[in-house]
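Read through the structure below, which is laid out as structure tokens, and then see the notes.
The values are calculated or read from the model by the stated rules, or taken from the named source; none is laboratory data. What you are looking at is a predicted structure, and each value in this text was computed from that prediction instead of being measured. Cβ placement follows ideal geometry from the backbone for every residue including glycine, while neighbour counts extend to all protein chains displayed.
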Amino acid sequence: MDDNSLPKFDVLPQHVGFIMDGNGRWAQQRGLPRYKGHIEGAKTFRVIGEYAADIGIKCMTFYAFSTENWRRPKEEVNAIMNLFREYLKEADERKAENEEKGIHMTFLGDRSNLPMDMKMLMNKIERVSGKQHKVIVNIAINYGSREEITHSAREIAKKVKSGVLSPDDITEETVTNHLYTAGQPDLDLIIRPSGEHRLSNFMLWQAAYAEFWSSNVLWPDFSKEDLNEALREFEKRNRRFGGV
Ligand code: FPP
């Protein structure tokens, strides 16, 4: 999209991670059940994902459900899963639009214990959108960074056992290439609204040099202007990657 009304940035992060936090509090503040906050949060996800692609972010990850989130009440887990299912159906139906925008959708996390209908849709969406390379949109679902790194280690171990890889040839790149994000840039910027300053098991490996931006706004209220503010702040950061 070439729109003069969109802001321009001197430097844009290649990969932005969004920790979509604060849905529960948003609902509680309004005397509503927590799941209503997730409904609003899913709307924000759609608006922000589209806007981020329009302003030129080439890779983004939305943290939707962590490996620890199963500990929440069953009704809340079901509500989040149903929102995700709805979104999958919508993304499948909107494949022409995704194709036009060049969006490759992928899902990060352990799919083994997700419902079969969701797994099938996730595989289909990834396969169909996989030919497109302009923008990568990752949704992290049943995702935990420690699980991801463990999974990478297991895959590498299998290769060593079968003799296709020697232990001495294992490098940082080998680990990177066996993560769910293989082939994608490292995170440059993590955005966490709702006043929390934690990574919460989100992309620990990929975030090695990421900038962190947080604000008190709750995710359902997170706006395009908030994203602009985070990106303006990112432009000003002096990233040294361990150098001087
Ligand atoms: C964290 O806020 C949010 C979640 C655990 C769920 C996020 C899920 C969505 C936004 C919907 C996912 C759907 C799609 C389509 C990707 P919280 O509940 O921990 O908030 P709190 O800290 O205020 O309790």
Selection from region 70-81 of residues over 16 Å from MET118 (Cβ atoms) and near the ligand (Cβ under 8 Å from one of its atoms) yields ARG72, GLU76
Being of a type in the set (Ser, Thr, Tyr) and more than 25 Å from GLU86 (Cβ to Cβ) narrows SER214, SER129, SER200 down to just SER214
When region 186-244 is checked residue by residue, the ones that are basic (Lys, Arg), touching a strand residue (DSSP E or B) at 6+ places or on another chain (Cβ under 6 Å) and either farther than 20 Å from LYS58 by Cβ or buried (at least 18 other Cβ atoms within 10 Å of the Cβ) (or both) are ARG192
Per the list (1) closer than 19 Å to ALA42 by Cα; (2) hydroxyl-bearing (Ser, Thr, Tyr); (3) without any contact (Cβ under 8 Å) to a residue 24 or more places away in the chain, residue check on SER112 breaks on (1)
TRP213: passes all of (1) under 25 Å from ALA42 (Cα atoms); (2) part of a loop (DSSP other than H, G, I, E, B); (3) without any contact (Cβ under 8 Å) to a residue 40 or more places away in the chain but (2)
Going through (1) in contact (Cβ under 8 Å) with a residue 40 or more places away in the chain; (2) among the polar types (S, T, N, Q); (3) near the ligand (Cβ under 9 Å from one of its atoms) one by one, THR67 fails only at (3)
Considering region 46-64, residues that are surrounded by 22 or more Cβ atoms within 10 Å (Cβ to Cβ) and assigned to a helix (DSSP H, G or I), and then whichever is nearest to the ligand (Cβ to nearest atom), we arrive at ILE48
Counting only residues in region 139-195 that are of a type in the set (Val, Ile, Thr) and free of Cβ contacts under 8 Å to residues at least 12 places away in the same chain, the one nearest to ALA91 (Cα to Cα) is identified as THR150
task = Determine whether region 20-34 contains at least one residue that is buried (at least 19 other Cβ atoms within 10 Å of the Cβ), more than 9 Å from the ligand (Cβ to nearest atom) and at pLDDT 95 or above.
result = no
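So which residues in region 54-110 are of a type in the set (Lys, Arg) and closer than 30 Å to GLU235 by Cα?
If the condition is that a residue be of a type in the set (Lys, Arg) and closer than 30 Å to GLU235 by Cα, then LYS58, LYS101 are the ones that fit.
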- Query: Yes or no: PHE84 within 15 Å of the ligand (Cβ to nearest atom), closer than 15 Å to PHE18 by Cα and touching a strand residue (DSSP E or B) at 6+ places or on another chain (Cβ under 9 Å)?
  - Reply: no
